[in-house]
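Take a look at the structure set out below.
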Amino acid sequence: MRLFVALAVPEAVAGQIVALQEMLGTGRLVPEENLHLTLAFLGDVAGADLADLDLALADLRSPAPMVELAGIDLWDEALVIGVRANPVLEALARKVAVAVRGVVEMPRRRFRPHVTLARVRPGDAVRVGRFLSARADAVLTPFAAEGFTLYRSHLRAEGPLYEPLAEYPLG
Ligand code: ATP
Ligand code: MG
């Protein structure tokens, strides 16, 4: 099963992102209920490893990071909003990676925290350019991440379905 660990975006902040998406007016928008900040992407994990993964994640201790989403950027075809420098969040991502690697292999890659707003195509360039000129410096309301979630991703033609498997408290 395809797994990842992420912070859910609270409703109030998700509402601000939806307003930005409406302003964008093009691309494949990430549905409000799918908005998330990935801490670790595990890829395909055997069902037999799930119980150990759950134990490892449940053992993890971290303060609740205050997350401030700010600054919109285009990464290839993903329009993303970044995160203000955040040592607590970075430490949390490292702890998640260590916990995961105690159970399954996961490639090492730099943590670039972000929330994807939309996937866009070259044909969307004019609207994307206009949107970035107006809103690239957007700053959203900071939120305390009071937990993180282990998700299973079901890839579907109409877009992924993220199934929360377990939630773990922070703080
Ligand atoms: P789709 O692939 O259909 O556009 P998605 O990317 O939202 O949907 P997944 O591919 O299952 O769904 O990814 C789940 C989360 O993990 C997303 O935040 C995605 O950016 C991240 N992710 C996926 N693949 C990788 C990867 N190879 N490295 C790092 N993060 C990844
Ligand atoms: Mg993907």
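Only one of the numbered conditions (1) within 16 Å of ligand 2 (Cβ to nearest atom); (2) within 26 Å of L29 (Cβ to Cβ); (3) in contact with a helix residue (DSSP H, G or I) (Cβ under 8 Å, 6 or more places away or on another chain); (4) of a type outside the set (G, A, S) is not met by R156, and that is (3). The listed residues are L29, L53, L89, L57, and the only one of them that is touching a Phe, Trp or Tyr at 6+ places or on another chain (Cβ under 7 Å) and closer than 19 Å to A6 by Cα turns out to be L57. I'd like the residue in region 34-48 that is over 30 Å from V128 (Cα atoms) and surrounded by 15 or more Cβ atoms within 10 Å (Cβ to Cβ) and, out of all such residues, is farthest from ligand 1 (Cβ to nearest atom). Here the residue is V45. Could you please find all residues in region 57-94 being surrounded by 18 or more Cβ atoms within 10 Å (Cβ to Cβ) and free of Cβ contacts under 8 Å to residues at least 40 places away in the same chain? V80 - this is the single residue of region 57-94 that is surrounded by 18 or more Cβ atoms within 10 Å (Cβ to Cβ) and free of Cβ contacts under 8 Å to residues at least 40 places away in the same chain.
Here are some residues: P169, P122, P113. Which one is surrounded by 14 or more Cβ atoms within 10 Å (Cβ to Cβ) and more than 16 Å from ligand 2 (Cβ to nearest atom)?
On the way: P169 fails: surrounded by 14 or more Cβ atoms within 10 Å (Cβ to Cβ); P122 fails: surrounded by 14 or more Cβ atoms within 10 Å (Cβ to Cβ).
Unique residue meeting the criteria: P113.
Scanning region 29-49 for any residue that is touching a Ser or Thr at 6+ places or on another chain (Cβ under 8 Å), in contact (Cβ under 8 Å) with a residue 24 or more places away in the chain and β-branched (V, I, T) turns up at least one such residue. If you check L24 against the conditions, is it under 30 Å from V103 (Cβ atoms), surrounded by 15 or more Cβ atoms within 10 Å (Cβ to Cβ) and of a type in the set (A, V, I, L, M, F, W, C)? When the stated conditions are applied, L24 does not pass them.
No lab work stands behind these numbers, since they all come straight from the coordinates. What you see is a predicted model; the values in this text were computed from it and never measured. Counting neighbours? That spans all protein chains shown, and the Cβs are built from the backbone with ideal geometry, glycine included.
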